[in-house]
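The values are calculated or read from the model by the stated rules, or taken from the named source; none is laboratory data. These figures come from a predicted structure and were not determined experimentally. For neighbour counting, all protein chains shown are included, and Cβ atoms are generated from backbone atoms with ideal geometry for every residue, glycine included.
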Amino acid sequence: MASWSTGRVKARKQWSDTVFSLVVEADVEPFKAGQFTKLAYHGEDKRVARAYSYVNPPGQDCEFYLVTIPQGQLTPYLDRLQVGDELLVQRSAAGFLTLDEVPAGRDLWLMATGTGVGPFVSILAEGSCWQQFENIVLVHGVRTADELGYREYIKELTYDKPNFHYVPFVSREQVPDVQAGRITTAISSGKLEQLVGLDFDPEHSRVMICGNPDMVRDTRSVLGEKDLKKHLRRKPGQILMENYW
């Protein structure tokens with residue numbers, strides 16, 4: 001049986017009408033950057049729980065990047081939480097979107113849509129990625145610019161990393177210094193490679209993808225056209241994936 005901790009909200013930030021972050025003080029077990037846990041509350045007759053990735057690196061207060069789903073069973077409840085309110089946090093973490101699962105390579109591509117950027121923020125903040133890879137590229141696709149969460153924090157984490165590239169995409173508005181359109185289109189056309197000056201190459205490229213299932217599937221497909229394959233422990237490849245809303 002899963003063990004749960006009663007957490008208390010220390011801070012919250014509203015990024016857009018539907019996207020927000022919660023910082024939660026909770027007694028949780030050690031985890032790896034990139035992993036997820038579950039948040040929950042007790043309804044009238046059952047516990048309602050969903051999986052969410054840690055945004056924080058290990059050793060800091062728990063932080064989660066969330067999007068409200070109006071018809072959802074949990075996110076409307078989480079969206080109402082304010083500082084001091086309580087929620088349940090599963091003590092143990094899970095998930096394989098972690099650096100120790102990534103085969104050795106030269107270039108690490110982190111590709112996310114929406115709140116799927118959360119585990120990659122944790123990986124960048126934890127810091128061992130800088131010793132493991134020569135070049136790191138974070139690609140984040142959203143609908144509107146206010147959904148580019150953690151943009152300033154990412155700049156703080158990487159200001160002294162000349163081989164880091166941050167490439168934000170916005171699909172529903174024109175924004176200065178932000179790419180218009182979708183990540184998959186930029187991969188197919190070669191535009192993304194041109195923007196950062198690196199090629200997708202089976203020998204050097206390692207790709208971690210986190211986002212909605214359609215984005216994960218489509219991104220894997222277009223990378224397959226560049227000879228990159230899904231990584232399996234029994235059959236090493238270049239692409240690791242996790243569905244995340």
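Values computed for the structure shown
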read-out: Subset of the stretch 91-135 (residues that are buried (at least 21 other Cβ atoms within 10 Å of the Cβ) and of a type in the set (S, T, N, Q)); value: Thr113, Thr115, Ser122
read-out: The listed residue being touching a helix residue (DSSP H, G or I) at 6+ places or on another chain (Cβ under 9 Å) and in a strand (DSSP E or B), out of Leu110, Leu88, Leu97, Leu124; value: Leu110
read-out: Filter pass, Ala40 being assigned to a strand (DSSP E or B) and out of contact with any helix residue (DSSP H, G or I) (no Cβ under 9 Å at 6 or more places or on another chain); value: yes
read-out: Tally of residues being touching a residue at least 24 places away in the same chain (Cβ under 8 Å), out of contact with any Gly (no Cβ under 6 Å at 6 or more places or on another chain) and basic (Lys, Arg) across the stretch 187-232; value: 1
read-out: Identity of the residue in the stretch 152-197, basic (Lys, Arg) and within 25 Å of Arg220 (Cα to Cα), that ends up surrounded by the most Cβ atoms within 10 Å (Cβ to Cβ); value: Arg182
read-out: Pair list, Cβ under 6 Å, 6 or more apart: the stretch 1-27 residue assigned to a strand (DSSP E or B), other residue of a type in the set (S, T, N, Q); value: Trp4/Gln90; Lys13/Ser21; Phe20/Gln14
read-out: Residues of the stretch 177-220 classified as in a loop (DSSP other than H, G, I, E, B) and under 15 Å from Asp107 (Cα atoms), total; value: 8
read-out: Matching entry among Leu223, Leu228 (being at pLDDT 95 or above, in a helix (DSSP H, G or I), under 18 Å from Leu108 (Cα atoms) and under 22 Å from the mean Cα position of the chain (by Cα)); value: Leu223
read-out: Candidate set from the stretch 58-90 (those that are surrounded by 15 or more Cβ atoms within 10 Å (Cβ to Cβ) and free of Cβ contacts under 8 Å to residues at least 40 places away in the same chain); member that is farthest from the chain's Cα centre (by Cα); value: Tyr77
read-out: Subset of the stretch 140-157 (residues that are in contact with a Leu (Cβ under 7 Å, 6 or more places away or on another chain) and either in contact (Cβ under 8 Å) with a residue 40 or more places away in the chain or not in a helix (DSSP H, G or I) (or both)); value: His140, Val142
read-out: Residues that are β-branched (Val, Ile, Thr) and in contact with a Ser or Thr (Cβ under 7 Å, 6 or more places away or on another chain), drawn from the stretch 7-18; value: Thr18
read-out: Residue among Pro76, Pro70 that alone is over 20 Å from Tyr153 (Cβ atoms) and part of a helix (DSSP H, G or I); value: Pro76
